[in-house]
Amino acid sequence: MVLPQLGAWVLDELPRLNQAILHNDLAPPALNEALREVILPDLPLPDRLSVAQAQQLVVNLGFVGASVARHYQERTPGGKETPERAFDALEAGTQQIPFQRYFAALADHTGTGHDHRDSYASLVRWNVGTVEVRMGERTVAVLPGVFDDGRTRTYTGTSGEEHFFALVKKGEAVERAINDLLEPLATPETRWDSPEALSRVRTATVLLGALRQLFLEFAALPPEHSMPPEQFMDVFRQFAVHWTPGDIPPSGALDIEGLKRDFLLGIAIPDYATHVRRLFPGLLTEEREALERLMAQPTLPQRVAAALDIDLDWLSGAEVADLRRLVARHPVLVDWYDVLTAHARAAGSHLMLSKKFLFKPQRQRDAAGIGDKAVVSNRTGTTGMTETYLERLTRARRDHVLAALHPALDAEVGEGAPRHAVRSDLMGIEPVEVLLVS
């Protein structure tokens, strides 16, 4: 019965304790005392658990570890330099295994290559219930969780955290649907003008539009239905602390489907692969392997250009008339222009969210002399990405390899009309629904 009891404790008691500590109604040792007395002593050895139980326990203890680490670093002078000391007095099971060693064994027992700390996978994908992406009556992607209780674990029990976790998982589910459409095209046998290939690209374009709309709608919601920026900055993000120096805290930058799409469609940043490999400790084994495969392959636009004998470098200097003749010869280029542009627009909406909830409010605080948070900086992402670097990534997606076709396509659509939106109407592709079903 210890695992259900722990699950209930993390759902209800841990948020209460965190709230009390954050409001100075309790001292941080109260959390550690509760863990030592109620939770940790009865934990089973990891090898006695099923894989599913180990995954659930990784999620639950991930929230526990983040809470302990945050309170220690926030209240202990020099705590950020020695984050592992937060766990000194915490031992698990009758064998009294040190907490971090127990968590590492538990993570290894999942067989997923999970990091020896909380991660994007455990906080979002495993934690939140099943998300389905539907187009009409078709289900085009399913992203399950590891619980069947219909609950989302949070740090402080607020609806804002639940809304944010759900948004991120819904976004990843849509991205999975997109990648499931595009990845099979990465073969020498693909006929780029075939009905199947065109359908995949056009449907991916519509899904990218839905991804963008998902972010825009969240940004437009009133605070009580999303998350106030101050809660995001001062409460939620402050749990994304280091457990050991130099480890990789959870971050939306670790969304594997977004990373894969960049390598499928291409991104003109020379050091991008180096940046992504730096994130590898925070990813699962199959995610690292998938990225390595994609990094070693030509991008899909490069494959299209090679098959059509198009010199991509020539496009940027070509006359509009030449570009129009090229598109007339190879209409498939219009569809690839659309999907690359939709990819850039979706990235732009993600950047907008980052600015709204993080970078813009922090600039206002800096201007007012309020400064930054002491534990997790609000001047950069939790993996160290700055606003400038995120803007650079967004520009690189916008300046894609077919961007030079833009003047040749304007006349077909009309001034200011987003091409992918117009064409999706003409194609009659079903509307997209993204649903949290359990």
Starting at the first residue of the range 86-94, write each ³J(HN,Hα) from the Karplus equation 6.51 cos²θ - 1.76 cosθ + 1.60 with θ = phi - 60°, in whole Hz, x for Gly and Pro.
4, 9, 3, 9, 9, 10, 10, x, 5
Charge dipole (the range 209-291, unit charges on Cβ, about Cα centre) - positive-most of Tyr272, Gly282, Ile248:
Tyr272
When the C-alpha atoms of the range 283-323 are aligned to their principal axes, what extent does each axis show, in angstrom, from largest down?
48, 18, 11
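Run the numbers on the chain and let me know its relative contact order in percent, using alpha-carbon pairs under 8 Å that are six or more apart. Numbers along the way, then the final one.
Working: 598 pairs, mean separation 88.3, N = 438.
Relative contact order of the chain: 20 percent.
Under a point-charge model restricted to the Cβ atoms of Lys and Arg (+1) and Asp and Glu (-1), what is the dipole moment magnitude of the chain relative to its Cα centre, in debye to the nearest 20? Don't skip to the answer; put the middle values down first.
Details: 46 positive and 59 negative charges, 127 e Å.
In debye, rounded to 20, the chain gives about 620.
Over the range 267-398, consider all pairs of different Cα atoms and compute the Kirkwood hydrodynamic radius from their mean reciprocal separation; express it in Å, one decimal. Numbers along the way, then the final one.
Details: mean 1/r = 0.0557 Å⁻¹.
Roughly 18.0 Å, rounded to one decimal.
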So, in nm, how far is label Glu433 from label Ala374 when the simple model puts each one 7 Å beyond its Cα toward the Cβ?
5.0 nm
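Could the peptides 240-250, 257-267, 134-144, 61-71 be put in order, highest first, of the mean number of other beta-carbon atoms found within 10 Å of their residues? Working shown, then result.
Numbers: 240-250: 18.7, 257-267: 21.5, 134-144: 15.6, 61-71: 24.5.
Packing order, densest peptide first, comes out as 61-71, 257-267, 240-250, 134-144.
Using the Kirkwood formula on the Cα atoms of the range 2-111, what hydrodynamic radius do you get, in angstrom to one decimal?
Details: mean 1/r = 0.0704 Å⁻¹.
Evaluated on the range 2-111, it is 14.2 Å.
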The range 1-53 to the range 144-179: how many Å between their Cα centroids?
21 Å
How would you rank 196-206, 174-184, highest first, on the average number of other Cβ atoms within 10 Å across their residues?
174-184, 196-206
Under 5 Å from the placed amide H of Ala92, counting only residues 5+ away or on other chains, we find Ile97, Phe99
So the pair-distance distribution of the range 88-161, from every Cα-Cα distance in 10 Å bins, comes to percents of 16, 33, 34, 12, 4, 1
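Taking the square root of 5 times each eigenvalue of the Cα gyration tensor, what semi-axes in Å does the equivalent ellipsoid of the range 232-279 have, largest first?
Working: eigenvalues 129, 37, 15 Å².
So the equivalent ellipsoid measures 25, 14, 9 Å along its semi-axes.
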Whole-angstrom Cα spans of the chain along principal axes, big to small:
75, 52, 37
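If you add up the charges near Ala374, with Lys and Arg at +1 and Asp and Glu at -1, over every other residue whose beta carbon is less than 9 angstrom from its beta carbon, what do you get? List each step's numbers first, then the result.
On the way: positive: Lys80, Lys373; negative: Glu74, Asp372.
The answer is 0.
Would you work out the charge dipole size for the range 242-315 about its Cα centre, treating the Cβ of every Lys and Arg as +1 and the Cβ of every Asp and Glu as -1, and quote it to the nearest 20 debye? Provide the component values of the computation, followed by the final result.
Working: 7 positive and 12 negative charges, 23 e Å.
The calculated dipole for the range 242-315 is roughly 120 debye.
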Which one of Leu405, Leu123, Leu340 has the biggest mean-square fluctuation once the chain is modelled by GNM with Cα springs under 10 Å?
Leu405
Over the Cα atoms of the range 248-315, what is the Rg over Rh ratio if Rh follows Kirkwood?
1.05
Positive dipole terminus of the range 132-436, leading residue within Phe147, Leu221, Ala210 (C-beta point charges)
Leu221
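None of the figures in this text is laboratory data; all of them are computed from the coordinates on show. As the structure is a computational prediction, the values presented were derived from the model and not from experiment. Cβ atoms come from the backbone with ideal geometry, glycine included; neighbour counts cover every protein chain shown.
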